[in-house]
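The values are calculated or read from the model by the stated rules, or taken from the named source; none is laboratory data. Just so you know, these numbers come straight off a predicted model, no measurement behind them. A quick note on method: Cβ atoms are made from the backbone with ideal geometry, for glycine too, and the neighbour counts reach across all protein chains shown.
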Amino acid sequence: MTTAELDRPVTKRGLAAWCLFDWANSPTPTVVVTFVFAPYFARGIVGNEAEGLALWSWGIAFSALVIAVLAPVTGAIADAAGRRKPWIAGFSLLTILATAGLWFCAPDPTWIFPTLILVALVNIGFETSTVFY
């Protein structure tokens, strides 16, 4: 944070926005990445739990590598740029759109690759938005 940012008074509206962001994004890693969608992917979309969880792990690992590359860059941007909200909004929009896309992932093996791409985008958008939070 810059000195100018530290000198700005905290408004109720700004505080509410930060709280709502935290409340709204908290279910993402729980519901999509870990506990709810992963079993659906493995059992429903892939049809074989062991194979499905292995594929899921590869998708999450890929997104983690992308995050590992993006985080230092976006962290430097967050430190240098004064405005973080547009970045939070952009990465949140990526998360929202990719999560909405998961609605269309049917229990059919042809959806394996599109689902993994969407889940990777959800994870990348979520984790990168927290760099600016």
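The sole residue among S63, S129, S57 that is under 25 Å from S26 (Cβ atoms), free of Cβ contacts under 8 Å to residues at least 12 places away in the same chain, polar (S, T, N, Q) and in a helix (DSSP H, G or I) is S57. Which residues, counting only those in segment 90-106, are more than 17 Å from P27 (Cα to Cα) and either part of a helix (DSSP H, G or I) or in contact with a Cys (Cβ under 9 Å, 6 or more places away or on another chain) (or both)? G90, F104, listed by residue number. Being of a type in the set (S, T, Y) and within 24 Å of A24 (Cα to Cα) is not true of T110. Is there a residue in segment 77-84 that is part of a helix (DSSP H, G or I), under 14 Å from the mean Cα position of the chain (by Cα) and of a type outside the set (S, T, Y)? No - not one qualifying residue is present in segment 77-84. Looking at G14, G47, just one residue is out of contact with any Phe, Trp or Tyr (no Cβ under 8 Å at 6 or more places or on another chain) and in contact (Cβ under 8 Å) with a residue 24 or more places away in the chain, and that residue is G47.
Selection over segment 1-30 of residues that are among the hydroxyl-bearing types (S, T, Y), part of a helix (DSSP H, G or I) and modelled with pLDDT of 85 or more gives a count of 2.
Flag not set for F41, criterion: surrounded by fewer than 12 Cβ atoms within 10 Å (Cβ to Cβ) and at pLDDT 95 or above.
Among the residues of segment 107-118, those that are surrounded by fewer than 16 Cβ atoms within 10 Å (Cβ to Cβ) and in a helix (DSSP H, G or I) comprise P109, T110, F113, P114, I117.
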